[in-house]
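Have a look at the structure below before the remarks.
The values are calculated or read from the model by the stated rules, or taken from the named source; none is laboratory data. None of these values were measured; they are calculated from a predicted model. FYI the Cβ positions are ideal-geometry reconstructions off the backbone, even for glycines, and counts take in every protein chain you see.
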């Protein structure tokens, strides 16, 4: 939980809403609540600042009016302003590599993994299907509140490629891991945080389960198209986390 400043003195200088607003604004500008991170809940803020819910809501409304946060039903208040330190951190992630590397990596994955899903649907056996199944969670699984480990998700993709029973595809997947674009992907995953990690992991798991279902039923064309959609969505999700500047 974010540490609070001593608010005793400011309370004498302005309204309680001003104090809460200025404190939250400072957290955002200093990056203490990062881009796409969540502010504490209304209940937590009322307890920490010793104010009413209406005071907290008024302060958050001012932040929202300035375009610094957005409220998502069921997810809370999410910061949509990135501090200078946050932008710098994400720029540093790309040093030595580039957006182009990331793009080429995903283009290659689209080519080989879409067809791998197609052939996995045609050729899978009990052992290879079991390996894919072991990489997904039940639909009602209660994910912990932290971001998914990217290599954990990649295990699923490697299992699908293995089920295609084609050594050339498997060698291609091994090559992906060593490429600069994949390393950029891993570093971006570490440097950024999903707005709602639980919802993000649940969505990814749902897509993995659908690919498994299509492969299991030997719906090869559908498996190929859904894998393509899944990887394209992952690329768009990652590319939106790269700061757009004139020198990139």
Within segment 215-236, identify whether any single residue is modelled with pLDDT of 85 or more, out of contact with any strand residue (DSSP E or B) (no Cβ under 9 Å at 6 or more places or on another chain), assigned to a helix (DSSP H, G or I) and closer than 26 Å to residue 39 by Cα, and answer yes or no. yes
Answer with yes or no whether residue 90 is assigned to a helix (DSSP H, G or I), surrounded by 16 or more Cβ atoms within 10 Å (Cβ to Cβ), at pLDDT below 90 and in contact with a helix residue (DSSP H, G or I) (Cβ under 7 Å, 6 or more places away or on another chain). yes
Residues of segment 163-186 classified as in a loop (DSSP other than H, G, I, E, B), crowded, with 20+ Cβ neighbours inside 10 Å and in contact (Cβ under 8 Å) with a residue 60 or more places away in the chain, total: 0
For segment 30-50, check the following and say yes or no: at least one residue is in a helix (DSSP H, G or I), under 24 Å from the mean Cα position of the chain (by Cα), touching a residue at least 40 places away in the same chain (Cβ under 8 Å) and crowded, with 16+ Cβ neighbours inside 10 Å. no
I'd like to check something: does segment 115-138 contain any residue that is modelled with pLDDT under 90, in a helix (DSSP H, G or I) and not assigned by TED's automatic domain parsing to the domain that holds residue 34? no
Just to be sure, is residue 59 under 30 Å from residue 220 (Cα atoms), buried (at least 20 other Cβ atoms within 10 Å of the Cβ) and either at pLDDT 85 or above or not assigned by TED's automatic domain parsing to the domain that holds residue 189 (or both)? no
